[in-house]
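The values are calculated or read from the model by the stated rules, or taken from the named source; none is laboratory data. Quick caveat, the model's predicted, so the values are computed rather than measured. With ideal geometry, Cβ positions are generated from the backbone for all residues, glycine too; neighbour counts draw on all protein chains shown. These area figures cover heavy atoms from the full protein model, side chains too; ligands, DNA and RNA do not enter into them. Shrake-Rupley method; radii C 1.70, N 1.55, O 1.52, S 1.80 Å.
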Amino acid sequence: MIEAIIKMTVPAEKRKEVLQTIKAILGPIRRERGCISCNCYVDVEDERFLFFEEEWKTREDLENHLRSDHFGVLNGAMRLLRSEPEIRFNTISSTAGLETIKAALA
C-alpha cells in the first residue's frame, strides 16, 4: 500500500477556492482504480493547514493517478499557494489496529 500525504498552507483569501476544488475531486479520485481512501483534513489549531491524504493499493495505481486529470486539478489548486506544499509518499508493508492498543494496555 502507498500512502500519499500533501500538507498545504493555504492563505485565508484562497481557502474557499482551494476547499471547493478539493471537494469537487474527492469523489472522482475515490472511484479511481486502486484507490483505498482519499480525504482532506483541516488542522483544528491552525486552519491555514490542509492535509490531503490518499491510500493506493499499488505503486502502479498511484502513478496512474498522478497522471490523471483529477490530480491535474489538485496540482492546479496547489499552484495557487504562496509556498510549495510538503509532499510525502510512504510505502506501508503492514498495518495494525485496536489490537495494538489492547496489547499495550494488557
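Brief remarks follow.
- Pairs beyond 30 Å (Cα-Cα), from Lys14/Lys57; Lys7/Lys57; Lys23/Lys102: Lys14/Lys57; Lys23/Lys102
- By average C-beta atoms within 10 angstrom, highest first, the peptides 1-7, 79-85: 1-7, 79-85
- Scattering profile of the range 49-100 at q = 0.20, 0.30 Å⁻¹ [log10 I(q)/I(0), Debye over alpha-carbon scatterers]: -0.87, -1.32
- In this view, the solvent-accessible surface of Ser94, computed with a 1.4 Å probe and all protein chains in place, comes to about 90 Å².
- Between Arg31 and Phe89, the C-beta separation translates, for a Förster distance of 25 Å, into a calculated FRET efficiency of about 0.75.
- The equivalent ellipsoid of the chain has semi-axes of 26, 19, 11 Å, largest first, where each one is the square root of 5 times an eigenvalue of the Cα gyration tensor.
- Degrees separating the helix 69-78 axis from the principal Cα axis of the chain, which is the longest one: 70 degrees
- Were the residues from Gln20 through Glu99 laid out at 0.36 nm apart, the gain over their Cα-Cα distance would be 24.7 nm.
- Seen against the Cα atoms of the chain and their longest principal axis, helix 12-30 is set at about 50 degrees.
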